[in-house]
Amino acid sequence: ASPSEIEQLIVKPLEAILQGLAGIDHTYGVAMNSLGVVTVQFKVGQNKEDSLVKLYDRIMSNLDRMPHGTLQPLVKPADVDDVPILTISLSCATRDACELRRIANNVLEELRRVDGAAFSFVHGGEPRKINVYLDLERLRAYNITLADIRRVVEATNLDIPSGAFVGGNRVATVQAGGALRSAADVGDLVVGLSQHQPVYLKQVARIVDGPGEVERLHRIGYGPAFAGTRSADYETPAVTVAIAKRAGTNAVKVADEVLATLERIRPTLIPEGVQVNVTRNDGAKANDAVNLLMEHLAIAIASVVALLVFFLGWRAASIVTITIPLILFITLAIGFAAGQTINRITLFALILSLGLLVDDSIVVIENIFRHYAQKGADRLKGAVAAVNEIGKPTNLATFTVMFAFLPMFWVTGMMGPYMAPIPFNVPIAMIISLAIAYTVAPWAAYRFLKIQGHAKDGAHQGEGIEHHGHRGRLERLYERHMGRLIASRGARNGFFIGVGLVLLAVLLLPAFGWVKFQMLPKNNTNTFIITVDMPEGTSLEETDRVARLVGDVVRRHPQVETYEATVGEAGVTDFNGLLRGANLKTGPNVADVRVNLRNKHERRESSIDIVLDLRKPIAELARQTGANIKLVEDPPGPPVRATILAELYGPDYEQLRKLAKKLRREVFEQTEDVVDIDDSVTDDWTEYRVVVDRSRATLAGIPPAQVAETLHAFLAGLDASTVHLEFEKEPVPIRFRIPAADRTGPQDLSRIFFTSPQGRQVPLSDIARVDKRVAPKPIYYKDQYPVAYVSGELGSSSQVYAVLKMWNWLRTHELPGNVKLTQYFMADPDTSGYSVRWDGEMRLTLDVFRDLGSAFAVAIILIYLILVGYYRSFAIPLIVMGAIPLTVVGVLPGHMIMGQHFTATSMIGVIALAGIVVRNSLLLIDFILEYRKGGHALDEAVLQAGITRLRPILLTAFAIILGTLIMAFDPVFGGLAISLIYGTFASTVLTLFVIPLVYFMYERRRSAEDIRSGKIKPRS
């Protein structure tokens, strides 16, 4: 059936049937020659087993709608849990692919017994087969057809229970048949008679026990960074043993146990001379990442502790320090109980929370210090009074930080689960830190803090922060400048004008391109893949030649340890390849080369730079060979089908193909830094169609179906049966085929004949003709609409600006046939006309920033509502939240200074800052109100509140900065660290002046009598 027929009868009806299932995100269909494939993508968070059951039930209940002759649909799950965490390469220059595969199967049988191991398989090598190469001339001479031979094999290769003999109180079972157990048995089959003599199969065919014709190739190559032993050859034949882990198990533990089992069985199952290389170990990768982050966490804790010692002295610092492991332990325990695992994101969440979780203890200890420093204060009463004094604002401040993170739970798509540990762990750590600050910290302060005298000149010497009557340099500096701003209206106006101009200038940074936006920056990894797509119709030998040339380029790079080349099918897939559909690639024109680099901790050059170095020679190789060669890097976050993906929709599919080619040539290829460009429109390739003359075939007694089946067997091969072997791990088929030398072109078809019911030989040429034509091209569908794709990757820039350039070009130009494309980013396209929807990482970026923006808006609303409830005022919460826009003064310049894009993690930092800076504002305003209640004048209350809270605010700000400083150079979470570091610094400095001054100006418009009467005061 043609692709158009498959489209109308299979793909479209199947997509329509499946689209109604709950939980489906997208369906992707492709109609090919006699084959239709529909890929169903479920929404993130759907139960895998339930989804598969629903899918299977829906398909099975609609089988009656399938056209007659359609095979039963095959449902195959493709899940992240099936992606191997460990791959082990077995290679040897002196053993063939069949022998290597047999060794690998024996090894796999032992490794899959490891507790926690799940879906596991052998990739590469050639399964053992009994290859029967039929001699067409001898078949014709003996008047024997393939159908005759097939009937003999099926009738002979049988071994079944046939009952039992009963006698003498004994039962003996009977087994009857003549099962084939070797190539010799197959050759000795009698397939016909000639002159009353038996004709054996070995007389009309060459029978070979082995791998047969090469249909795929697998090998491993070695680069300069390889430190182990290897054969003298640069590349040797190889097979790969791939092990996946069971869902919910520890990747590190499973990988370690598999490798330990491998070492145990190696002497008995792996012959000498077979090289063993671990080419993928996600367990070790996860362990390295966790260990590195544990080091970072320890460094962050040490930095915060050093800060506390400097500001508070060793006794107070010790009290705050002991709360840190206590809070982290309880947080991890709660996470464990909730089913959370310790992974990279979890540890980043703990590092992020580190600077926040000491805030409550710092505020409590500092206020106890201040009370103890007052002469004559009773220690117990002083501690209680200190905690009561800052209790309510501290509660409120803690909840504002929690409310800033909680809305992140509603981030959709794959980014939601990816970031979920942050909104889970940070609020938990905050509420635990609050509880410990009210229990452990006051008790320890009462027991261990000793105040021997007041500190001098701004240095804390174990006594605590000075009362405002004994001010250090910082307090005096703040008092001088703040006093001037309070006293002078002109100074205040000038200050606010200056802040406004700075804010305006900062907001213009993205407009001038000094701060650019990106989903996530690329990550420094230990591996990447080079894919080779040759034109349709390319032979396996030519594809292999190009793959070897790629290997020649790769192995010259000094950072390459090994590379695995797979020709004729895709290599062992990973999570990125799973979503891109790489596991579905097969055919003689495709190849993969997975490059394994020296460990990133042992090299200075990042994988990003290595890929950039290789792009130029690889591009030149692609130009010389006509191949489409791509360098695919592991994404830092959720994978997408392509970084830049244009989906073209319209009513005429042939026109869509033309538009795709035009879009590729004039838009993608002309846009700077867009590489690895591809489209879904295959090039023309030759197809020969054997058209059976139904009238002649019927008169000759040859059914057209017999013609098609015979041609398929002769050219593609036919597995007629299997040989019964006791110790083989895989079935050993009996494959019939004509030798490769007899099927080089359409002229060889003239040698094929059939036998009529009357025994007359009928050549194929008598009942059929051979037509040469251009093969029909595949037709693609997405969500029930025909679609054509154009895709591209990026060298080092952001996809946002590349897509905007393309969008602008399409906005001002027309395509073939005077077609004007309507462009869509978020909305579903109008398929009645021609349109393009920008998908890929651009769509993911828009979705994530939309969700994070919504989370930020929800956080702002929640913070405002809780502040309104606390102050019983609509105006004061707005003043308190005025610190939030001040964070921009630090965030955007910080990214410019560090030369980093503003990413999704940067936005998470901005959301976190909303809670952090409101905390500082809230403590300032609350102390102003407390001073006002104590009878101080407005200007004195504003000034004294700022002086009193100056050091604890600065201390908590520096704790946040030092706690997150270690993350600043992380390729993924560096944006979050930059936002927190620069945003905290800028907003803290400005908050100390802006918020008290705004409140001062607000209160001056109200009467002092209204304040003292209690209309505006904190709840008590």
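A short reminder: the numbers here are calculations on the coordinates, not readings from a lab. As the structure is a prediction and not an experimental result, all values here were calculated from the model. Cβ placement follows ideal geometry from the backbone for every residue including glycine, while neighbour counts extend to all protein chains displayed.
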Could you go through region 335-346 in sequence order and give the Karplus-derived ³J(HN,Hα) for each residue, using 6.51 cos²θ - 1.76 cosθ + 1.60 with θ = phi - 60°, rounded to whole Hz, and x for Gly and Pro? x, 4, 5, 8, x, 6, 10, 7, 10, 4, 5, 4
FRET efficiency, ARG604 to ILE299 (Cβ-Cβ, R0 22 Å, nearest 0.05): 0.60
From phi via Karplus (6.51, -1.76, 1.60), per-residue ³J(HN,Hα) for region 513-523 in Hz, x at Gly/Pro: x, 7, 10, 10, 9, 7, 4, 8, x, 5, 10
Note to self: C-alpha centroids of region 231-292 and region 379-401 sit apart, in Å, by 55
Antiparallel DSSP beta bridges within the chain, as percent of all bridges there, nearest 5: 95
Charges at C-beta only: +1 for Lys and Arg, -1 for Asp and Glu. How large is the resulting dipole of region 313-465 about its Cα centre, in Debye rounded to 20? 300
In nm, what is the difference between 0.36 nm times the number of residues separating MET898 and VAL214 and their Cα-Cα distance? 240.9 nm
Could you go through region 736-746 in sequence order and give the Karplus-derived ³J(HN,Hα) for each residue, using 6.51 cos²θ - 1.76 cosθ + 1.60 with θ = phi - 60°, rounded to whole Hz, and x for Gly and Pro? 9, 6, 8, x, 4, 5, 9, 9, 8, x, x
Fewest to most Cβ atoms within 10 Å: GLU605, GLU49 sort as GLU49, GLU605
When we measure straight from the Cα of LYS245, which aspartates and glutamates land under 14 angstrom away, once same-chain ones fewer than 8 places off are left out? ASP79, ASP81, ASP82, ASP115, ASP256, GLU257, ASP282, ASP574
Once R0 is set to 60 Å, what does the formula 1/(1 + (r/R0)^6) return for the Cβ-Cβ distance between ASP766 and PHE165, expressed as a FRET efficiency to the nearest 0.05? 0.65
Once amide hydrogens are built 1.01 Å from N within the peptide plane, the residues lying 5 or more places from LEU158 or on another chain with amide H under 5 Å from its amide H are GLY178, ALA179, LEU180
Measuring from a point 7 Å past the Cα of ASN808 along Cα-to-C-beta, which residues in region 651-672 have an amide N at less than 16 Å? 667-668, 670-672
Candidates per trypsin sites (Lys or Arg not before Pro) in region 625-682, loop by DSSP, up to 13 other Cβ within 10 Å: none
Angle, helix 379-405 long axis vs. longest principal axis of the chain, Cα atoms, 0 to 90°, nearest 10? 40
Residue-count net charge about GLU654 - beta-carbon cut-off 12 Å; Lys, Arg +1, Asp, Glu -1: +3
How do VAL848, VAL401 line up, fewest other C-beta atoms within 10 Å first? VAL848, VAL401
Where the centre of each part is set by its Cα atoms, how far does region 557-606 sit from region 744-809, in angstrom? 26
Taking 7 Å along the Cα-to-C-beta vector as the label spot, tell me the VAL502-LEU74 distance in nanometres, rounded to one decimal. 6.6
Rounded to whole Å, give me the distance from the Cα center of region 833-864 to that of region 51-124. 37
Lys/Arg Cβ at +1, Asp/Glu Cβ at -1, dipole of region 826-902 taken about the Cα centre: which of GLY840, LEU862, GLY899 is farthest positive-ward? LEU862
Using the basic label-point model (7 angstrom from Cα toward the beta carbon), what is the ALA385 to GLN670 distance in nanometres? 7.8
Over the chain, the sum of -39500 (n - 2.57) across DSSP H runs of at least four, divided by residue number and rounded to 500 deg cm²/dmol, gives at 222 nm -16000 deg cm²/dmol
Order these by the 10 Å Cβ neighbour count, fewest first: ILE330, ILE85. ILE330, ILE85
Put +1 on the Cβ of every Lys and Arg and -1 on every Asp and Glu Cβ in the chain; which of GLY490, ALA22, ASN388 then has its Cα farthest towards the positive end of the dipole? GLY490
Low-density loop positions, trypsin sites (Lys or Arg not before Pro), region 565-622 - DSSP coil, at most 14 other Cβ in 10 Å: ARG604
Can you give me the long-range amide H partners of GLN823? Hydrogens built in the peptide plane at 1.01 Å from N, cutoff under 5 Å, separation of 5 or more residues or another chain. VAL836
Given [x] 1.20; [y] 1.31; [z] 1.16 as possible values of Cα Rg over 2.2 N^0.38 Å, the one from the coordinates is [x]
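Using the Cα centre as the reference, give the magnitude of the dipole from point charges on the C-beta atoms of the chain (Lys, Arg: +1; Asp, Glu: -1; all else neutral), rounded to the nearest 20 debye.
Dipole magnitude for the chain comes out near 3260 debye.
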Identify the chymotrypsin sites (Phe, Trp or Tyr not before Pro) of region 896-996 meeting these criteria: DSSP loop state and at most 16 other C-beta atoms within 10 Å of the C-beta. PHE969
In the chain, taking the dipole from +1 charges on Lys and Arg beta carbons and -1 charges on Asp and Glu beta carbons about the Cα centre, the listed residue (PHE336, ILE629, VAL675) farthest towards the positive end is PHE336
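Report the FRET efficiency, 1/(1 + (r/R0)^6), for ASP135 and SER2, where r is their Cβ-Cβ distance and R0 is 41 Å, rounded to 0.05. Write down the numbers at each step before the final one.
On the way: r = 35 Å, r/R0 = 0.84.
Plugging the Cβ-Cβ distance into 1/(1 + (r/R0)^6) gives 0.75.
Hey, any idea what Rg/Rh is for region 313-465, computing Rh the Kirkwood way over Cα pairs?
Result for region 313-465 is an Rg/Rh of 1.06.
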The set of residues whose placed amide H lies less than 5 Å from the amide H of LYS129, leaving out same-chain residues fewer than 5 positions away, is GLY210
At MET60 and TRP314, where each label point lies 7 Å from the Cα along Cα→Cβ, what is the point-to-point distance in nanometres? 7.3
